[in-house]
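J.: Got a structure here, written out as structure tokens. Questions coming.
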Amino acid sequence: MYNMKEWDHVFKLDPNKEITDENLELVCESGTDAVIVGGTDGVTLDGVLHLLARIRRYEVPCILEISNLEAITPGFDFYFVPMIMNSEEKQWMMDLQHQAVKEYGDIMDWEEMLAEGYCVLNPEAKVFTHTQCRLPDSEDTIAYARMAEHMFHLPIFYLEYSGTYGDPELVQEVARELNQTTLFYGGGIRTKQEAEEMKSFADVIVVGNIIYDNLKAALQTVKAAKQ
Ligand SMILES: CC(C)=CCC/C(C)=C/CC/C(C)=C/CC/C(C)=C/CC/C(C)=C/CC/C(C)=C/CC/C(C)=C/COP(=O)(O)OP(=O)(O)O
Ligand SMILES: O=P(O)(O)OC[C@@H](O)CO
Ligand SMILES: [Mg+2]
């Protein structure tokens, strides 16, 4: 399934974490719509290449969510480029992306690249500190969503609660604002019920850490998202 508009559920695998071949097979053959490779820290070219080669044994679409300039490699189906809208530092919204386009612009296949307007809502998440975020309230968040759709025309708006379960009411409010831009929700989904709840508002749910903590529960989120 290479059309993101048809996705409901994706798994996010962290190149900085261990996963056995057996568990990786279960993830890739779970019926999820895609596997994203990404994480905040310890993302190296070696780690990314190793995981890519292992995921490529399966048919599932495979996406690199770019964390840093050093760990970009050809071979993925798509490249997701985070732009951190609630960062206080311009580099996380503009400058790193500018630097990468300067370096790779001549060889880039723009059809494979999708920019993600990120709004990071968990102040305890590594990515929140790493990208110098400011915690937005609901009004701020809705304004970011409107900017993502109407000012920047971004393909993806990503409500990122990495590590903790978010506020379903806010996800619902944001969902009401978006028509063209696809809403991704990620963070703290650990049960079927949570997957179902967030999927009832977001277009796509992202399931990450639970893969490493409780694979059986992680696998159950696929069916829940697709009901
Ligand atoms: C060579 C070749 C074929 C190239 C392909 C062409 C191509 C697509 C080039 C790229 C073009 C481009 C514009 C690239 C952008 C480069 C870049 C460095 C952008 C900056 C991205 C950014 C803002 C990163 C910081 C935020 C971050 C780390 C996001 C990662 C996603 C995320 C939030 C992960 C969450 O991690 P988490 O699971 O929470 O971590 P823990 O569980 O460990 O806590
Ligand atoms: O790891 P969790 O908390 O499931 O979050 C998923 C994803 O949004 C992280 O970028
Ligand atoms: Mg993670």
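The values are calculated or read from the model by the stated rules, or taken from the named source; none is laboratory data. Model, not experiment: these values are computed from the prediction. As a convention, Cβ positions derive from the backbone with ideal geometry for all residues, glycine included, and neighbour counts pool all protein chains shown. Calculation scope for accessible area: heavy atoms of the full protein, side chains included, ligands and nucleic acids excluded. Shrake-Rupley method; radii C 1.70, N 1.55, O 1.52, S 1.80 Å.
J.: Can you tell me which of 173, 149, 169, 124 is open to solvent by less than 60 Å² (accessible area, probe 1.4 Å) and of a type in the set (D, E, K, R)?
T.: The match here is 149.
J.: Identify all residues within the range 131-146 that are on the phi < 0 side of the Ramachandran plot, surrounded by fewer than 20 Cβ atoms within 10 Å (Cβ to Cβ) and part of a loop (DSSP other than H, G, I, E, B); write none if there are none.
T.: Listed by number, the residues that qualify are 134, 135, 136, 137.
J.: Taking the range 77-89 as the region of interest, how many residues are away from ligand 3 (no atom under 15 Å from the Cβ) and either surrounded by 22 or more Cβ atoms within 10 Å (Cβ to Cβ) or assigned to a strand (DSSP E or B) (or both)?
T.: 8
J.: Looking at residue 126 and the list (1) within 16 Å of ligand 2 (Cβ to nearest atom); (2) in contact with a helix residue (DSSP H, G or I) (Cβ under 8 Å, 6 or more places away or on another chain), which single condition is not satisfied?
T.: (2)
J.: Let me ask something else. Mind checking which residues of the range 6-31 are more than 20 Å from residue 46 (Cα to Cα) and either within 13 Å of ligand 2 (Cβ to nearest atom) or in contact (Cβ under 8 Å) with a residue 60 or more places away in the chain (or both)?
T.: Listed by number, the residues that qualify are 7, 8, 9, 10, 11, 23, 26, 27, 30, 31.
J.: Would you say residue 190 is touching a residue at least 12 places away in the same chain (Cβ under 8 Å), basic (Lys, Arg) and closer than 25 Å to residue 88 by Cα?
T.: no
J.: Collect the residues in the range 92-109 that are within 15 Å of residue 72 (Cβ to Cβ) and either open to solvent by 40 Å² or more (accessible area, probe 1.4 Å) or in a strand (DSSP E or B) (or both), keeping them in residue-number order.
T.: Within the range 92-109, 96, 98, 99, 101, 102, 103, 104, 106, 107, 108, 109 meet the criteria.
J.: Just one of 26, 51 is open to solvent by 60 Å² or more (accessible area, probe 1.4 Å) and assigned to a helix (DSSP H, G or I); which is it?
T.: 26
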